[in-house]
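First the structure, in the form of structure tokens, and then the observations on it.
The values are calculated or read from the model by the stated rules, or taken from the named source; none is laboratory data. Every value quoted in this text rests on a predicted model; they were computed, and no experiment measured them. Here the Cβ positions follow ideal geometry from the backbone for every residue, glycine too, while neighbour counts run over all protein chains shown.
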Number of protein chains: 2
Amino acid sequence: MKKLIVGQSGGPTSVINASLAGVYYEAKKRGFDKVYGMVNGIEGLLNEKIVDLDDYFLDKNNLELLKRTPSSFLGTCRFKMGSIKEHEETYEKVFKILDKQEIDSLIYIGGNDSMDTVESLSDYALLKKKKQNFIGVPKTIDNDLPITDHCPGFGSACKYIATTLREIIQDNNCYGDTKPTVAIVEIMGRHAGWLTSASALAKDETCEGVDAIYLPEIPFDLDTFVEETKELLKKKSSITIAVSEGIKTEDDQFVCELTDSNLIVDSFGHKELAGCAEILAKLLKEKLNVKTRAITLSTLQRAAAHLASKNDLEEAFNCGRKGAELAYKNQSGKMVIMNRVSNDPYKIKYEVFDDIHKIANVEKKIPLEWIDVDNNYVKTELIDYLKPLIQGEVKQIYKDGLPQHINLNKK
Amino acid sequence: MKKLIVGQSGGPTSVINASLAGVYYEAKKRGFDKVYGMVNGIEGLLNEKIVDLDDYFLDKNNLELLKRTPSSFLGTCRFKMGSIKEHEETYEKVFKILDKQEIDSLIYIGGNDSMDTVESLSDYALLKKKKQNFIGVPKTIDNDLPITDHCPGFGSACKYIATTLREIIQDNNCYGDTKPTVAIVEIMGRHAGWLTSASALAKDETCEGVDAIYLPEIPFDLDTFVEETKELLKKKSSITIAVSEGIKTEDDQFVCELTDSNLIVDSFGHKELAGCAEILAKLLKEKLNVKTRAITLSTLQRAAAHLASKNDLEEAFNCGRKGAELAYKNQSGKMVIMNRVSNDPYKIKYEVFDDIHKIANVEKKIPLEWIDVDNNYVKTELIDYLKPLIQGEVKQIYKDGLPQHINLNKK
């Protein structure tokens, strides 16, 4: 009897469940007798919240639904194992439960923090000569994991952002010269601007694209921003600007946390109340006397499975499969990575990265040479990197006009 | 030579261009020699900003793209003709331009204000024995036009809202019992709750749906809201609440305009900065010490053509066609309406409403008997009314992973 358990951790994405589907599919194919899911990650495992995935996915239709269901089917957590020295009892508890269930392999689908968990557990197993192996499968909309070319989840978020921006640009243009308008669109990514850079994809021969992109990699100056927008408004009446939620001033303050005391705009209000798009929209309205609109893409950019990228969904599935393959081969402390063998035609090889220590807790930012600082835009290299990730559409399963999902509490 | 001019007015929708496509298609079919478009509505017409639609749409592929392009292809305006008595020179100018271009018929696609324009111009034509006729084609995401069963544009917005809410509910559930979370989703509709009520459509056997719906038709009380959410949190850990941007307190104050002086939450900040979802999220966080998230659907709900309802798009097209038919028949001062002949099977008849005075400037709200006040929800009658409007998916035209649109400045 060979048994595997899989969990999901960290913020959800549109395709994290496709990785779960991939793990299940490959594990069954390889002959694992049981494929369990831990509910709410390691935190749930510690409470023995375990389900048998056969109960849901022996029916192949359900596996197809799973691929199209956003968020984490198994639930997620933000749980840190902590150091072995200080938290040995937690480690022992995990292994006690794994032993009790006779589990051989644990696969964890997640981002930086989750890879930290995979690393800690595999280190502990090595140290204490436990039989279990531990494999990490990457996911994050933020695309901030190092080593892997990109992360499953990122491409679908990019597709959502670019599509939505096209629609916003169309909408924003509707008053033409009769009413100058600035739309500021706030995009996720606290420390890395990958998602915000995807706004550049909106542009093609039928769409003028966004007029400026402000990334957290480049210090943000409020006065310069006002001046730059003023210049843009001299050339055209409808402006769309993409900003990362994580833009910071030269002295390392998040724009979204600026308050009255910074004297930028009177009565900003509580810093938790407004996002940076709202703050900047207000600023422009006051300084340039122009109609502004703040749009925050919020949760939608990580949950819009109805707009998933086919490439991204397939890669998420394949990363899950690769994870199960590694587990089957008794590898441990390793993460599945994607290696872009060629860009045109786009070709990905699924590989293994041995030294998970180099992945956990490292944030990959946009290389500065891919940013066009002078024009508040991104360079062709970055657009070429992003383009393949949004290709292809996933055929949705609609019922009564709405996409269908699958839920843990409804078998 | 028979000539027609068409314009778009008011806030755009996902399918207002499908109505434009319908006008063009039918007008050409009926033998109009010229079909012009006015750029930015009557405001543009007054500046003789006129285009020949043949330049764009003799190519049938472009007509298909037009149907799938959100916002107003011709641009829009918010221009009021004003009373004939006070603005006779504006009226004369309009007719002078129409005469100069030898235009016989004017079709205006829009909401309440636009119907006011149609009414005024047709009254003036009658009064001054002008030869032109004027026809209104309805559009509005708000669904607040009277007489017609519903408005083109509304169904697609409902489909977007329900789909997005399903995805938000999935996302919101991901922490399970480990972290109680309340998501507050703010939906458009300043005076009528139609759009917000569409949040009820998210619920089916695979989705638990939203937990409460707050409509502008019912006075909103902040303390009661906190208490009601507290009760919901006793039953489940992940709560999703739909609120209309237009909810008002008993003393007729918009919640989104409440400020410090109302002593609800300290340091709300400037009333223009935050929407009501943000205010309510902050309130719940302070009073119930729970994780909250404010999501504002904003422009996206009226521009998300990629999620257009097939029924809605076809109805928008047919309303446009009917408008051109009426113009051809020299009718004037009339609006196209939709009459729901039966609900199951869903069947719409396109009819004419003679007395446009009864449409212009009247706002249709949700009938109170369709609202379940005790449970902060809507009744089955309302759900039955909404359901047919979101049925069917529109096959999008994708290129390089993104939906294609057509623009006035790019033939």
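Would you confirm whether any residue within region A:298-310 is within 14 Å of chain B (Cβ to nearest Cβ), touching a Cys at 6+ places or on another chain (Cβ under 8 Å) and buried (at least 23 other Cβ atoms within 10 Å of the Cβ)?
yes
The residues on offer are B:ILE264, B:ILE247, and the sole one that is at pLDDT 90 or above and among the aliphatic types (A, V, I, L, M) is B:ILE247.
Of all residues in region A:206-217, those satisfying the criterion of being in a loop (DSSP other than H, G, I, E, B), out of contact with any Ser or Thr (no Cβ under 7 Å at 6 or more places or on another chain) and under 17 Å from B:ASP400 (Cβ atoms) are A:THR206, A:GLU208, A:GLY209.
Residues of region A:73-95 include none that is within 14 Å of chain B (Cβ to nearest Cβ), over 22 Å from the mean Cα position of the chain (by Cα) and not polar (S, T, N, Q). Looking only at region A:218-239, decide whether some residue is among the polar types (S, T, N, Q), in a strand (DSSP E or B) and either surrounded by fewer than 22 Cβ atoms within 10 Å (Cβ to Cβ) or touching a residue at least 24 places away in the same chain (Cβ under 8 Å) (or both). So far as region A:218-239 goes, yes, one or more of its residues are among the polar types (S, T, N, Q), in a strand (DSSP E or B) and either surrounded by fewer than 22 Cβ atoms within 10 Å (Cβ to Cβ) or touching a residue at least 24 places away in the same chain (Cβ under 8 Å) (or both). With respect to being surrounded by fewer than 23 Cβ atoms within 10 Å (Cβ to Cβ), among the hydroxyl-bearing types (Ser, Thr, Tyr), within 11 Å of chain A (Cβ to nearest Cβ) and without any contact (Cβ under 8 Å) to a residue 40 or more places away in the chain, B:TYR398 fits the description. Note on region A:36-76: enclosed helices (runs of 4 or more DSSP H) holding 1 or more residues that are modelled with pLDDT of 95 or more and under 22 Å from A:ARG302 (Cα atoms) are A:41-45, A:60-67. Scanning region A:311-351 for residues that are within 19 Å of the chain's Cα centre (by Cα), surrounded by fewer than 24 Cβ atoms within 10 Å (Cβ to Cβ) and within 14 Å of another protein chain (Cβ to nearest Cβ) yields a count of 2. None of A:LEU58, A:LEU65, A:LEU74 is free of Cβ contacts under 8 Å to residues at least 12 places away in the same chain and among the aliphatic types (A, V, I, L, M) except A:LEU58. Within region B:338-359, does at least one residue satisfy the condition of being closer than 30 Å to A:THR206 by Cα and among the small types (Gly, Ala, Ser)? Taking every residue of region B:338-359 in turn, none turns out to be closer than 30 Å to A:THR206 by Cα and among the small types (Gly, Ala, Ser).
One line per residue, one yes/no per condition, for (1) modelled with pLDDT of 95 or more; (2) outside the structural domain of B:GLU315 (by TED's automatic domain parsing); (3) in a strand (DSSP E or B); (4) over 23 Å from the mean Cα position of the chain (by Cα):
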| position | (1), (2), (3), (4) |
| --- | --- |
| B:LEU121 | yes, no, no, yes |
| B:TYR124 | yes, no, no, yes |
| B:LYS131 | yes, no, no, yes |
| B:ILE135 | yes, no, yes, no |
| B:HIS150 | yes, no, no, no |
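Being more than 14 Å from chain B (Cβ to nearest Cβ), part of a loop (DSSP other than H, G, I, E, B) and out of contact with any strand residue (DSSP E or B) (no Cβ under 9 Å at 6 or more places or on another chain) is the requirement here; does A:ASN361 meet it? If you could, list the steps in order and put the result at the bottom.
Details: more than 14 Å from chain B (Cβ to nearest Cβ): yes; part of a loop (DSSP other than H, G, I, E, B): yes; out of contact with any strand residue (DSSP E or B) (no Cβ under 9 Å at 6 or more places or on another chain): yes.
When the stated conditions are applied, A:ASN361 passes them.
Do you know which of the residues in region B:267-277 that are of a type outside the set (Gly, Ala, Ser) and modelled with pLDDT under 90 is surrounded by the most Cβ atoms within 10 Å (Cβ to Cβ)? That would be B:PHE268. Of everything listed in (1) touching a strand residue (DSSP E or B) at 6+ places or on another chain (Cβ under 9 Å); (2) crowded, with 19+ Cβ neighbours inside 10 Å; (3) modelled with pLDDT of 95 or more, the single unmet condition for A:ILE406 is (1). Note on region B:273-292: among residues that are charged (D, E, K, R) and facing chain A (nearest Cβ under 7 Å), the one that is nearest to B:GLU227 (Cα to Cα) is B:LYS282.
If we scan region B:177-199, do we find a residue that is within 13 Å of chain A (Cβ to nearest Cβ), out of contact with any helix residue (DSSP H, G or I) (no Cβ under 9 Å at 6 or more places or on another chain), of a type outside the set (Val, Ile, Thr) and buried (at least 24 other Cβ atoms within 10 Å of the Cβ)? Within region B:177-199 (the criterion being within 13 Å of chain A (Cβ to nearest Cβ), out of contact with any helix residue (DSSP H, G or I) (no Cβ under 9 Å at 6 or more places or on another chain), of a type outside the set (Val, Ile, Thr) and buried (at least 24 other Cβ atoms within 10 Å of the Cβ)), the answer is no, since none of the residues qualifies.
Residues to consider are B:THR296, B:THR292; find the one that is among the β-branched types (Val, Ile, Thr) and farther than 24 Å from B:LYS159 by Cα. Talk me through it step by step, then tell me what you get.
Details: B:THR296 fails: farther than 24 Å from B:LYS159 by Cα.
Exactly one of B:THR296, B:THR292 is among the β-branched types (Val, Ile, Thr) and farther than 24 Å from B:LYS159 by Cα, namely B:THR292.
Here A:ASN40 meets the list (1) under 27 Å from B:ASN173 (Cα atoms); (2) touching a residue at least 60 places away in the same chain (Cβ under 8 Å); (3) crowded, with 19+ Cβ neighbours inside 10 Å almost entirely, failing just condition (2).
Do we have any residue at all in region B:319-336 that's in the same structural domain as B:VAL23 (by TED's automatic domain parsing), farther than 30 Å from A:HIS306 by Cβ and hydroxyl-bearing (Ser, Thr, Tyr)? Scanning region B:319-336, I find at least one residue that is in the same structural domain as B:VAL23 (by TED's automatic domain parsing), farther than 30 Å from A:HIS306 by Cβ and hydroxyl-bearing (Ser, Thr, Tyr), so the answer is yes.
Criterion first (under 21 Å from A:GLN391 (Cα atoms) and surrounded by fewer than 24 Cβ atoms within 10 Å (Cβ to Cβ)) does A:ASP144 satisfy it? Working first, answer last.
Working: under 21 Å from A:GLN391 (Cα atoms): yes; surrounded by fewer than 24 Cβ atoms within 10 Å (Cβ to Cβ): yes.
For A:ASP144, the condition - under 21 Å from A:GLN391 (Cα atoms) and surrounded by fewer than 24 Cβ atoms within 10 Å (Cβ to Cβ) - is met.
Here B:SER309 meets the list (1) closer than 30 Å to B:GLN391 by Cβ; (2) outside the structural domain of B:TYR350 (by TED's automatic domain parsing); (3) modelled with pLDDT of 95 or more almost entirely, failing just condition (2). Could you tell me whether any residue of region B:20-35 is within 14 Å of chain A (Cβ to nearest Cβ), within 16 Å of B:PHE317 (Cα to Cα) and in contact with a helix residue (DSSP H, G or I) (Cβ under 8 Å, 6 or more places away or on another chain)? Yes, region B:20-35 has at least one match. Residue check: B:GLU26 meets all listed conditions (1) surrounded by 22 or more Cβ atoms within 10 Å (Cβ to Cβ); (2) under 27 Å from B:LYS399 (Cβ atoms) but one, namely (2). Residue count for region B:141-174 satisfying the condition of being within 14 Å of chain A (Cβ to nearest Cβ) and not aliphatic (A, V, I, L, M): 16.
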